[in-house]
1. Skipping prolines and chain starts, which residues have an amide H placed within reach, meaning under 5 Å, of the one on Glu223, given they are 5 or more residues away or on another chain?
2. Mind running the shape call on the stretch 230-340? Use the C-alpha gyration tensor, a ≥ b ≥ c as the square roots of the eigenvalues: rounded below 1.5 for a/c, prolate if a/b tops b/c, oblate otherwise.
3. Rounded to the nearest 0.05, what FRET efficiency do Asp163 and Lys195 have when you use their Cβ-Cβ distance and R0 = 35 Å?
4. Run the numbers for Gln85 and Asp184: contour at 0.36 nm per residue of separation, minus the present Cα-Cα distance, in nm.
5. Skipping prolines and chain starts, which residues have an amide H placed within reach, meaning under 5 Å, of the one on Val95, given they are 5 or more residues away or on another chain?
6. Would you mind ranking Arg345, Arg28, Arg365, Arg383 so that the residue whose beta carbon has the fewest other beta carbons within 10 Å leads the list?
7. Which ordering of Lys97, Lys215 is given by a fewest-first count of other beta-carbon atoms within 10 Å?
8. Quickly work out the Glu19-to-Thr303 label distance, labels modelled 7 Å from Cα along the C-beta direction, and quote it in nm with one decimal.
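Quick note: the coordinates plus some simple rules give every number you see, no bench work behind them. Only a predicted model underlies this, so the values are computations on that prediction, with no experimental measurement involved. Virtual Cβ from ideal backbone geometry, glycine too; neighbours counted across all protein chains shown.
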Amino acid sequence: MSIQYIALTEATAVNFLKEIGLLNEDERATVSEIGDGNLNYVFNIFSQTTGRSFIVKQALPYAKVVGESWPLTLDRARIEASVLQLAAKYVPNLVPKVFHHDQTLALTVMENLSDFTILREGLITGNLYPQVASHIGIYLAEILFRTSTFHLHPKEAKELAVDFINPDLCDITERLVFTDPFFDSETNSFDDHLKPLVHELWSDNKLKREVAKLKHLFLTKSEALIHGDIHTGSIFVTKDETKIIDPEFAFYGPKAFDIGTFFANLIMNYYAQEGQASNSIEKEQQQSYLIQTLIDTWKVFETTYTELWKNESKESFTKVDGHLEDVLATIWTESVGFAGAEMIRRMIGLAHVKDVDSIQELAIRQSVQQTIIQVARTFITERHSIKDMDSLIQQVKVVYV
Ligand code: SR1
Ligand code: MG
């Protein structure tokens, strides 16, 4: 429809919906830009005439959080829309509906989820979402299995991997998750009180040697179409429903990266409850909910993945006894390591998490940050000994500071 890229404004976003026929010419609509993420514009458009509402998400040619000095491909908008469309085939209830995509404008019109809450915000407030573990477990198993060579012919998987080549967004993760936090880099940002611990990390060769392996996995292990940024800010929830959003970082990568990222964000919220919960009863309730969510997510992932493996596999070796167990064990170990990398970068790298940063009392924030860093360190260096969920939870419950 459009011939060249132009960043939309609130007014032109409404006009765009009229041009493509999603709003009628004479429809009156309210619009507000609500993007609070790091990269894009997000317009919330509500028709006063019909009550229909839409989200128009537009990629900017640079990272909003840094500015024009960090150019970013607009192709991420195509990738995001394509992932949502692909996921809709397998888990239609777990992703927002895509109504329209314009590749030139790098823009996608989606279902408006204004009745939903961002999971991170909900968890900070102390809300419990009983369905989220099962929904995320299913989402991860479905997408990670069905886009892998256990389900697709290797030729098909390779073609899909080409469609989802995403070098700019991978570069962000390679730098911000797997490199900069482990060196004295300009992009890092952390509270002064963390300096001694951060310097200790930078000179911890054992840790860096293990991070190097995790980074190498991220760079080379093209196993399945991963979301690439499935933290609790990429998940919309109600008590009964869950929608996974923002797959603009998607590419063919290691399955465990998604699982580890989700685990890490639950675990950071677990520690942040120290400063977020209004009393010890609420804190304990929220923390045991978070532990249960970790347990259930992995359980549902494992069960769903196993079912798919038994019923939907096209690879001959899936019939070989023990192969599934080997695959799941590898996913588990890598997930623990990736969780550690995500936790460290959120404490000392460029992009932090509100769960921890919004803790007002300095002493509590400091102890939460230090605990997260120490636990993350153990996840990374000891991941081969953290063999199952019980031993991961044991580590989470160790109090370091
Ligand atoms: C420059 S983008 C910073 C972070 O925001 C995204 O959500 C990703 O997590 C990225 O690392
Ligand atoms: Mg995002």
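1. The list, which skips near neighbours in sequence, is Gly253, Lys255.
2. Since a/c reaches 1.5 and a/b is larger than b/c, the shape of the stretch 230-340 is classed as prolate.
3. It comes to 0.20.
4. Value of the extension gain: 31.6 nm.
5. HN-HN under 5 Å from Val95: Ile244.
6. Going from sparsest to densest Cβ surroundings: Arg28, Arg365, Arg383, Arg345.
7. Least crowded to most crowded, the residues run Lys97, Lys215.
8. For Thr303 paired with Glu19, the spin-label model returns 4.9 nm.
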